[in-house]
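Trainee: Okay, here's the structure, questions in a sec.
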Amino acid sequence: MSKFIDYAIGHGRLTIATLVFLLGAGLVAYVTIPKEAEPDIKIPIIYVQLSQRGISPEDSERLLLRPVETQLKSVGNVKEMRSTAFEGGGFVLLEFEAGFDSKAALADVRAKVDQAKHDLPRDVDEPQVLEVNLSLYPVLVVGLSGDVPERTLLRIARAAKNAIEQAPGVLSAELRGARDEAVEIILDPTLIASYGMSLEQLGSITQSFNTLIAAGALEGESGRFAVKVPSLFEKPQDILQIPIVASPKASVTLLDIAQVKPTFKDATSVTRVNGRPAMTIEVSKRTGANLIETVDAVKATVEALQKTWPEAVHVTFTQDKSKVIRQMLGDLQNSVLTGVLLVAIVILFALGFRASLFIGIAIPASFLAGVLGLQLAGLTVNIVVLFSLILAVGMLVDDAIIVSEFAERRMSEGMPPKEAYSLAAKRMSGPVIAATATRIAAFSPLLFWPGVVGQFMKYLPITLIATLTASLVVALFFTPTLGALLGRAAPVPHDERAKDRGPYMRTVRLALRRPGMTLTLAALLLVAVQMAYGKFGRGVEFFPKVEPDYGQVIVHARGNLALDEKNRLIGEVEKRVLAFDGLKTVYTRIGEQPRGMSELTEDTIGVIQFEFADWRSRPPAHEIMDAIRDKTADIPGILIEVTAPRAGPPTGKPIQVQIGALDPAVLPAAANKVAAILSARSDMRDLDDGQPLPGIDWQIEVDKSEAAKYGAGISTVGAAVQLVTNGLKATEYRPVDSDKSVDILVRFPPDRRSLDQIDDLRVQTQAGHVPIGNFVQRLPAPRVGYINRVNGNRVMTTAIA
């Protein structure tokens, strides 16, 4: 070590040039290093998304989940397998042990799903195998709202989505709150009966005229020519020309017996921003891209487009994760500047002006060198790194103080600056290295913290190791070189300044004279502090409660509620929430909520998410949420839950009791007992008993023997019922101005879409046009919503806050 120190001091210009280079490179690294909200860690979860149009939860469990679960049981290193069936599909979620090989696990799951495909229904959608990735979560949500026609707002939203995806750093932009386009063929039941046409014939005819035909090419002496047979639908009007019935003298087209109109699929949810109909665009950034630059680019793109939109279209930006990063960067810069200033003032009093200058340089030099090391290692700046840098600011100056204080003492005794700083660096290298190694050792165990939390927190020791190592190098090489070149003995002797610290020195001498008493007192304090905290402390929390930026009102209701009924109930709550001051943006989602890893329960009919205004201009968040809870408590028929987002990954309510059984019939009684025990406590609230929602579903029971007498099958009945419900999909087409295919649905007129109409349905059979009531019975059955399974068994979960 002595040779390196002598070389650094002996080649002062080279050492100072290296310091200037590190400062410049560190400053460039601090400006250009990618900045993210959360660390890019691997969540040990892979899930398989399954969907089939119109499938019931029971059929989804039996036909979709179980075949996939059977194959996935052989996947290795799985901690738990959870699955949920619901109307329209389901999903199977695999939670792996920490430290799993994500690429190998993903390939294994995909292989098992491919093997399960032959056991799935023929008309099931292609299963999707997805990996949970925090970097794909939205960093900004762009809300487009206003009193404009839905199709106009959809056109604007699609144009904005395409433009945002071209912005630098953007990985994807997902459009939410927009209904899928569709083309409806509205049939007249009497005309269908008069022409003796069956639904199967209509579907096959429609598909036969919407088929890609590769006719090939002809090549001869005069050249080569492609031969085309245009047959794909390009616009809704093409459907009207389909011949339904033909004879040698005439033909009947679809135009003669039906109406064809472009429309949207039936709404399953309603989205509003600040009380206005809205569509949202969720923006995700690329891994490693700079969060602040990406958000700024998206906002600039939207602001440029907004100039061409109608004035009635309002733009809001919510869930902006760059705000936290900007705030923490500002706090970090303030901490560094404040640290330099305070250290300079203290050292100026204790050691003099020149020593305070040398030591003050140690903070930004160590800080920027540490950031440069993080960038060279391929790491990004996130909230954990920023917190670690703020934490490290107070420790970066210790090593430089040790070296400078020793050199100042020797210079006060008459030693030249060069020799004093050389001796200080050599003599104090052992204590400086030991002090730095001690601090590094205190944080190093965090590198081996297992699990997802360990991956999240490993950035703290890495950052501290980088910055503390940089402070060691600065203290042993750069500070002595600066002192050797610019150092001067202080005009006031060192011992004279030490007299000003008389009370401290008297306390130290007393402790040294009575070492036994001092050690005994330290041991007693060590025990007493722990006991006092255990008795009078407020307990331990992994994530502390902080002033939130967002809150949400979760509205629960039970029964067979239509979307309009849900909209009316949520609208009353929304109106009262909008009346509160201190809220910046109110984002409302009514009806169907996101499935998958969502923490929302089955009886959730809507969520109102609000963004708080700046904390300096409003009351505390808990006061606002308590007031919202009080103002909405008198609305009948619903249960209100006002919460703030919890820190950390989504884990649901704090207390969750999961009950499983081989026999699903015994689960409700057990869940009731658990709910009764939990609800008896006065410190519990927002109970979810896990029971299925009350209500009924209608089952169409087909008497197969009677149906066979008429030559009718179950598929014929199912197709007829779909005419009354969501529509029978005949085929699909892809418009030239859209990147998504559009379904062509066959339906009855709106006045024929009711429960009573099912009993009067007629189908074309071998015996003619007969009512399905001849062989069908409509029966009520208990409503089935979500069916949850864990490791192949049904479960119910009772949760409470």
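The values are calculated or read from the model by the stated rules, or taken from the named source; none is laboratory data. Values in this document were obtained by computation on a predicted structure and should not be read as measured data. Glycine also receives a Cβ, built like all others from the backbone with ideal geometry; neighbour counts cover every protein chain displayed. Keep in mind that these areas ignore ligands, DNA and RNA; they rest on the heavy atoms of the full protein, side chains included. Shrake-Rupley method; radii C 1.70, N 1.55, O 1.52, S 1.80 Å.
Trainee: Residue by residue, what Karplus-based ³J(HN,Hα) values in Hz, rounded to whole numbers, does the range 285-294 have, using 6.51, -1.76 and 1.60 with θ = phi - 60° and x for Gly and Pro?
Mentor: Once rounded to whole Hz, the list reads 9, 6, 5, x, 6, 6, 4, 5, 5, 5.
Trainee: Then there is this: At 222 nm, what value in deg cm²/dmol follows for the chain if DSSP H runs of at least 4 each add -39500 (n - 2.57) and the sum is divided by all its residues, to the nearest 500?
Mentor: Details: 26 runs with 342 residues, N = 801.
Calculated at 222 nm, the ellipticity per residue is -13500 deg cm²/dmol.
Trainee: Something else: Between 0 and 90 degrees, rounded to the nearest ten: what's the tilt of helix 150-165 against the longest Cα principal axis of the chain?
Mentor: Tilt of helix 150-165: around 40 degrees.
Trainee: Can you tell me the length gained on complete extension of the stretch residue 441 to residue 683, counting 0.36 nm per residue apart and subtracting the Cα distance?
Mentor: On the way: separation 242, 0.36 × 242 = 87.12 nm, distance 4.15 nm.
So the chain would gain 83.0 nm between residue 441 and residue 683.
Trainee: Oh, and also: In the chain, what percent of the accessible surface is made up of carbon and sulfur (1.4 Å probe, ligands and nucleic acids excluded)? Before the final figure, lay out each step's value.
Mentor: On the way: 24050 of 41870 Å².
On the chain, the fraction of accessible area on carbon and sulfur atoms equals 57 percent.
Trainee: Across the range 785-790, in residue order, what do the Karplus-derived ³J(HN,Hα) couplings come to in whole Hz, using 6.51 cos²θ - 1.76 cosθ + 1.60 with θ = phi - 60° and x for Gly and Pro?
Mentor: Taking θ as phi minus 60°, the curve returns x, 8, 10, 9, 9, 10 Hz for the range 785-790.
Trainee: Tell me the accessible surface of residue 303 in square angstrom (1.4 angstrom probe, heavy atoms of protein chains only), to the nearest ten.
Mentor: Spelled out: residue 303, probe radius 1.4 Å, area about 100 Å².
Trainee: What ranking, highest mean first, results for peptides 368-377, 787-796 when packing means the other Cβ atoms within 10 Å averaged over each residue? Mind dumping the intermediate values first?
Mentor: On the way: 368-377: 20.1, 787-796: 17.7.
The packing order, highest mean first, is 368-377, 787-796.
Trainee: Given axes a ≥ b ≥ c from the Cα gyration tensor, I'd like to know whether the range 67-187 is rounded (a/c under 1.5), prolate (a/b larger than b/c) or oblate.
Mentor: Working: a/c = 2.93, a/b = 1.55, b/c = 1.89.
Oblate, because a/c is 1.5 or more while a/b does not exceed b/c.
Trainee: Using only protein heavy atoms and a 1.4 Å probe, report how much of residue 449 is accessible, in Å² to the nearest 10.
Mentor: Residue 449 has an accessible surface of roughly 90 Å² with all protein chains in place.
Trainee: List every residue whose amide H lies under 5 Å from the amide H of residue 184, counting only residues 5 or more places away in sequence or on a different chain, with H placed 1.01 Å from N in the peptide plane.
Mentor: Residues meeting the criterion, in which the H sits 1.01 Å from N, are 261, 263, 745.
Trainee: With N denoting the number of residues in the range 513-636, provide Rg(C-alpha) divided by 2.2 N^0.38 Å, to two decimal places.
Mentor: Details: Rg = 23.7 Å, N = 124, 2.2 N^0.38 = 13.7 Å.
Working it through for the range 513-636, the quotient is 1.72.
Trainee: Tilt of helix 714-724 relative to the longest C-alpha principal axis of the chain, in degrees (0 to 90, nearest 10)?
Mentor: Once rounded, one gets 70 degrees.
Trainee: Same structure, new question: If you count only protein heavy atoms with a 1.4 Å probe, what accessible area per residue comes out for the chain, rounded to a whole Å²?
Mentor: Spelled out: the 1.4 Å probe surface of the chain, per residue, equals 52 Å².
Trainee: Put +1 on the Cβ of every Lys and Arg and -1 on every Asp and Glu Cβ in the chain; which of 253, 627, 667 then has its Cα farthest towards the positive end of the dipole?
Mentor: 627
Trainee: Residues in the range 723-744 near a label at residue 698, defined as backbone nitrogen under 14 Å from the 7 Å Cα→Cβ point?
Mentor: Under 14 Å, as judged by backbone N against the label point of residue 698, lie 723-727 of the range 723-744.
Trainee: Here is a further query. By how many degrees, between 0 and 90 and to the nearest 10, does the Cα long axis of helix 502-513 differ from the longest principal axis of the chain?
Mentor: 90
Trainee: What shape does the range 692-791 have by the C-alpha gyration tensor, where a ≥ b ≥ c are the square roots of the eigenvalues, rounded means a/c under 1.5, and otherwise prolate means a/b greater than b/c and oblate the rest?
Mentor: Numbers: a/c = 1.88, a/b = 1.11, b/c = 1.70.
Oblate.
Trainee: Right, something else. Rank these by accessible area, largest first, 1.4 Å probe: 7, 421. Working shown, then result.
Mentor: Values: 7 125, 421 0 Å².
Sorted by accessible area, descending: 7, 421.
Trainee: So, one more: Please list, or write none, the aspartates and glutamates whose alpha carbon is within less than 14 Å of the alpha carbon of residue 631, excluding same-chain residues fewer than 8 places away.
Mentor: Leaving aside aspartates and glutamates fewer than 8 places away in the same chain, those within reach of residue 631 are 572, 574, 581, 623, 641.
Trainee: Along the positive direction of the dipole of the chain (beta-carbon charges: Lys, Arg +1; Asp, Glu -1; about the Cα centre), which of 736, 156, 2 reaches farthest?
Mentor: Toward the positive end, the furthest listed residue is 2.
Trainee: Taking volume of the Cα convex hull per residue in Å³ straight from the coordinates, which label in (i) 212; (ii) 267; (iii) 197 is the correct one?
Mentor: (ii)
Trainee: When the chain is fully extended, how far beyond the present Cα-Cα distance does residue 562 get from residue 174, taking 0.36 nm per residue of separation?
Mentor: Working: separation 388, 0.36 × 388 = 139.68 nm, distance 2.67 nm.
Here the segment from residue 562 to residue 174 would lengthen by 137.0 nm.
Trainee: Under a 5 Å amide H to amide H cut-off, with H placed in plane at 1.01 Å, what residues pair with residue 549 once short-range neighbours are removed?
Mentor: Under 5 Å from the amide H of residue 549 lies no amide H from a residue far enough along the sequence or on another chain.
Trainee: Figure the gain on full extension for residue 219 and residue 419 (residue separation times 0.36 nm, minus the Cα-Cα span) and round it to one decimal in nm. Before the final figure, lay out the partial values.
Mentor: Working: separation 200, 0.36 × 200 = 72.00 nm, distance 9.43 nm.
Roughly 62.6 nm would be gained on extension.
Trainee: Any chance you could look up the accessible area of residue 702 with a 1.4 Å probe, heavy atoms only, rounded to 10 Å²?
Mentor: Looks like 30 Å² after rounding.
Trainee: Listed here are the pairs 545/584; 73/673; 42/79; 235/299; which of them are more than 26 Å apart at the Cα?
Mentor: Among 545/584; 73/673; 42/79; 235/299, the Cα-Cα distance tops 26 Å for 73/673; 235/299.
Trainee: Any lysines with Cα under 18 Å of the residue 3 Cα? List them, leaving off those in the same chain fewer than 8 positions away.
Mentor: 418, 426
Trainee: How large is the Kirkwood hydrodynamic radius of the range 1-112, counting all unique pairs of alpha carbons, in Å?
Mentor: Working: mean 1/r = 0.0531 Å⁻¹.
Answer for the range 1-112: a Kirkwood hydrodynamic radius of 18.8 Å.
Trainee: Report the charge-dipole magnitude of the chain in Debye, nearest 20, computed about the Cα centre from +1 at each Lys and Arg Cβ and -1 at each Asp and Glu Cβ. It would help to have the intermediate numbers written out before the result.
Mentor: Numbers: 85 positive and 87 negative charges, 625 e Å.
Once rounded to the nearest 20, the dipole reads 3000 debye.
Trainee: In addition: Pop out the ³J(HN,Hα) list for the range 687-702 in order, Karplus 6.51 cos²θ - 1.76 cosθ + 1.60 with θ = phi - 60°, rounded to Hz; leave Gly and Pro as x.
Mentor: So the Karplus estimates, Gly and Pro as x, are 6, 10, 7, x, 6, x, 5, x, x, 10, 10, 9, 9, 9, 8, 9 Hz.
Trainee: Using only alpha carbon pairs under 8 Å that are at least six residues apart, calculate the relative contact order of the chain and give it in whole percent.
Mentor: Numbers: 1333 pairs, mean separation 135.9, N = 801.
Taking the mean separation of contacting Cα pairs over the length of the chain, I get 17 percent.
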